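The values are calculated or read from the model by the stated rules, or taken from the named source; none is laboratory data. All of these numbers come straight from a predicted model, not from anything done at the bench. All Cβ positions, even for glycine, are placed from backbone atoms using ideal geometry, and neighbour counts span all protein chains on display.
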């Protein structure tokens with residue numbers, strides 16, 4: 001993620017002294033992403049990702065670390081936090097809540113995903129939704145309909161007339177989203193290509209659970225489809241889409257109500273990321289390394305889903 005909080009070597013050494021990980025060898029900021037400050041950290045005993053949380057309070061972060069630990073314990077290949085000498089997953093660093101997470105092997109998917117990678121993501125997401133039924137903590141989504149309406153009001157005055165028209169029409173179309181009554185549970189809610197690590201077509205792990213929440217399970221699937229299965233025009237590419245959805249369905253079958261609301265939920269997932277990227281572009285935060293992703297990519301996806309409805 002972008003580096004908003006600079007961590008000195010002395011501060012990091014003092015932080016690591018509370019862990020049984022050996023001495024610091026090297027560290028560097030990670031420029032990908034937009035929400036938190038992240039560093040790759042190498043010590044004498046291993047490789048880690050250090051995350052400083054820029055958006056969340058200390059008291060609310062236990063949920064995310066519990067989600068990561070839960071999925072790891074359920075056999076889902078996923079990043080999991082390291083405990084300090086007192087068994088704590090979360091600490092303070094440079095005035096921010098911070099966690100040290102085991103670094104997984106593999107790389108994020110930078111280019112178009114392969115059919116095999118889409119199949120692997122569909123399978124693992126279906127498995128996550130099944131085992132997630134055992135997870136008993138609850139956290140409502142922070143990027144749901146109320147958030148979308150609030151952010152829309154913030155960005156609307158700064159949009160061109162065509163984009164503003166699309167946004168207003170989409171908010172009206174999605175007005176019933178909260179009342180769909182679809183199966184829900186713990187979701188990743190941000191399973192983009194850079195949050196899954198692969199070696200070729202072999203999935204090595206899922207990372208970045210910091211948008212995890214209770215949501216429609218179908219929304220989680222829609223978020224994945226909108227990134228893994230889209231062509232350069234923002235339309236769904238049939239072969240990758242079929243591979244992902246078929247693999248998911250072998251783990252968890254969609255209900256009739258989910259099938260009937262698929263287009264609406266695809267559009268809700270596209271709208272969520274169009275709005276968040278507009279917010280980041282129009283109201284950027286300062287950082288040492290920052291990456292502002294293109295909002296128009298999700299405007300294209302949203303427009304294609306509208307055509308397909």
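Kindly provide the set of residues from the stretch 4-25 that are at pLDDT 95 or above and closer than 13 Å to residue 98 by Cβ, ordered by number. Reasoning before the result, please.
Pass one, the stretch 4-25, residues at pLDDT 95 or above: 7-25.
Residues satisfying the conditions are 7, 11, 12, 14, 15, 16, 18, 19.
Which of (1) in the same structural domain as residue 251 (by TED's automatic domain parsing); (2) more than 20 Å from the chain's Cα centre (by Cα) does residue 123 not meet, given it meets every other one? For residue 123, the failing item is (2). Inspection of the stretch 91-99 identifies at least one residue that is touching a residue at least 60 places away in the same chain (Cβ under 8 Å) and either in the same structural domain as residue 282 (by TED's automatic domain parsing) or under 19 Å from the mean Cα position of the chain (by Cα) (or both). Checking each residue in the stretch 275-297 for being modelled with pLDDT under 95 and under 19 Å from residue 194 (Cα atoms) picks out 280, 289, 290, 291, 292, 293, 294.
Just for the stretch 201-226: of the residues that are without any contact (Cβ under 8 Å) to a residue 60 or more places away in the chain and either out of contact with any helix residue (DSSP H, G or I) (no Cβ under 6 Å at 6 or more places or on another chain) or assigned by TED's automatic domain parsing to the domain that holds residue 52 (or both), which one is surrounded by the most Cβ atoms within 10 Å (Cβ to Cβ)? Steps first, answer last, please.
Kept after step one, since they are without any contact (Cβ under 8 Å) to a residue 60 or more places away in the chain, are these residues of the stretch 201-226: 216, 218-219, 222-223, 225.
Subsequent filtering for residues that are either out of contact with any helix residue (DSSP H, G or I) (no Cβ under 6 Å at 6 or more places or on another chain) or assigned by TED's automatic domain parsing to the domain that holds residue 52 (or both) retains 216, 225.
Details: 216: 25, 225: 28.
Of everything passing the filter in the stretch 201-226, 225 is surrounded by the most Cβ atoms within 10 Å (Cβ to Cβ).
Of the numbered criteria (1) surrounded by 19 or more Cβ atoms within 10 Å (Cβ to Cβ); (2) outside any helix (DSSP H, G or I); (3) over 17 Å from the mean Cα position of the chain (by Cα), the one residue 285 fails is (1).
When you check residue 292 against the structure, is it more than 24 Å from residue 154 (Cβ to Cβ) and assigned by TED's automatic domain parsing to the domain that holds residue 193, yes or no? Walk me through it before giving the result.
Numbers: more than 24 Å from residue 154 (Cβ to Cβ): no; assigned by TED's automatic domain parsing to the domain that holds residue 193: yes.
So residue 292 does not fit the description; no.
Among the candidates 250, 233, single out the residue that is modelled with pLDDT of 95 or more, within 23 Å of residue 70 (Cβ to Cβ) and surrounded by fewer than 17 Cβ atoms within 10 Å (Cβ to Cβ). Write out each step before concluding.
Numbers: 233 fails: within 23 Å of residue 70 (Cβ to Cβ).
So the residue among 250, 233 that is modelled with pLDDT of 95 or more, within 23 Å of residue 70 (Cβ to Cβ) and surrounded by fewer than 17 Cβ atoms within 10 Å (Cβ to Cβ) is 250.
Among the residues of the stretch 266-282, none qualifies, meaning not one is more than 26 Å from residue 29 (Cα to Cα), free of Cβ contacts under 8 Å to residues at least 12 places away in the same chain, assigned to a helix (DSSP H, G or I) and not assigned by TED's automatic domain parsing to the domain that holds residue 40.
Does the stretch 175-231 hold any residues that are part of a strand (DSSP E or B) and within 12 Å of the chain's Cα centre (by Cα), and which are they? Working first, answer last.
First, pick out the residues of the stretch 175-231 that are part of a strand (DSSP E or B): 184-187, 196-199, 202-206, 213-216, 230.
The answer is 187, 196, 206, 213.
Checked against (1) more than 19 Å from the chain's Cα centre (by Cα); (2) assigned to a loop (DSSP other than H, G, I, E, B); (3) surrounded by 16 or more Cβ atoms within 10 Å (Cβ to Cβ), residue 12 passes all but a single condition, namely (2). Exactly one residue among 49, 109 is buried (at least 20 other Cβ atoms within 10 Å of the Cβ), in contact (Cβ under 8 Å) with a residue 24 or more places away in the chain and assigned to a loop (DSSP other than H, G, I, E, B), and that residue is 109.
To keep it simple, each residue is scored yes or no on (1) on the phi > 0 side of the Ramachandran plot; (2) in a loop (DSSP other than H, G, I, E, B); (3) out of contact with any strand residue (DSSP E or B) (no Cβ under 6 Å at 6 or more places or on another chain); (4) crowded, with 18+ Cβ neighbours inside 10 Å.
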position	(1), (2), (3), (4)
39	no, no, no, yes
59	no, no, yes, no
72	no, no, no, no
86	no, yes, yes, no
98	no, no, no, yes
101	no, no, no, yes
113	no, yes, yes, yes
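Scanning the stretch 139-174 for residues that are exposed (fewer than 13 other Cβ atoms within 10 Å of the Cβ) and touching a residue at least 24 places away in the same chain (Cβ under 8 Å) yields 140, 158.
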